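Below is one structure, written out as structure tokens; the observations come after it.
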Amino acid sequence: LLMLPLVALHEGIHLLLHPGMGRSDQSVVGGSSKHGALYAMFFGEISRGRYVAVLLGPFLVLTVLPWLACLAVGRFVPWVAGLSLMNGMFSCADLMGTWLILRGSPGGARLRNRGYYTWWRPGPVTAAP
């Protein structure tokens with residue numbers, strides 16, 4: 001229960017990075033008692049780059065940025081380090097998902113979630129100059 005606010009903030013960052021900042025009818029926030037997880041998912045089609053940004057956003061904002069801020073001011077703050085470490089652990093699935101998307105889909109692909117599965121198709125073809 002102590003981690004619930006951090007998890008909610010983590011999922012809120014995912015949501016804000018969705019098209020329409022989470023206000024689209026394709027954005028869904030929910031939870032799974034079977035998997036013991038909260039989630040913010042986008043069920044519309046988005047670009048591969050946007051998908052990766054949605055996945056990496058909470059890790060960069062809640063794990064990397066606080067450490068960089070502590071380094072910039074030259075002060076170690078234990079509670080910031082603890083929350084950053086916890087979020088880093090929460091981000092494992094996002095980091096693995098990013099790796100899978102980057103390895104398993106071509107640049108320019110369009111992606112779409114269907115439940116716990118992600119599908120891709122080639123993006124629009126542009127004319128050669």
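The values are calculated or read from the model by the stated rules, or taken from the named source; none is laboratory data. Quick caveat, the model's predicted, so the values are computed rather than measured. Cβ placement follows ideal geometry from the backbone for every residue including glycine, while neighbour counts extend to all protein chains displayed. The accessibility values were calculated without ligands, DNA or RNA, using every heavy atom of the protein model including side chains. Shrake-Rupley method; radii C 1.70, N 1.55, O 1.52, S 1.80 Å.
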Under 5 Å, built H, 5+ apart or other chain: amide partners of Thr118: none
Sorted by chain and then number, the residues having a modelled amide H within less than 5 Å of the amide H of Ser47, at least 5 places away or on another chain, are Leu111
So what's the convex hull volume per residue for the Cα atoms of the chain, in Å³? 140
Report ³J(HN,Hα) in whole Hz for each residue of region 22-35, in order, from the Karplus equation J = 6.51 cos²θ - 1.76 cosθ + 1.60 where θ = phi - 60°; Gly and Pro get x. x, 8, 6, 6, 8, 8, 10, 10, x, x, 10, 5, 4, 9
Debye, to nearest 20: dipole size of the chain, +1 on Lys, Arg Cβ, -1 on Asp, Glu Cβ: 280
Kirkwood-based shape ratio for region 1-77, expressed as Rg/Rh from alpha carbons: 1.05
Which longest uninterrupted range of the chain lacks any trypsin sites (Lys or Arg not before Pro) assigned by DSSP to a loop state (not H, G, I, E or B) and surrounded by at most 15 other Cβ atoms within 10 Å? 76-129
Accessible area per residue, 1.4 Å probe, Å², for region 28-86: what's the number? 59
Out of the total accessible area of the chain (probe 1.4 Å, heavy atoms of protein only), what percent is carbon and sulfur? 71
Anisotropy class of region 71-129 from Cα gyration tensor, a/c 1.5 cut: oblate
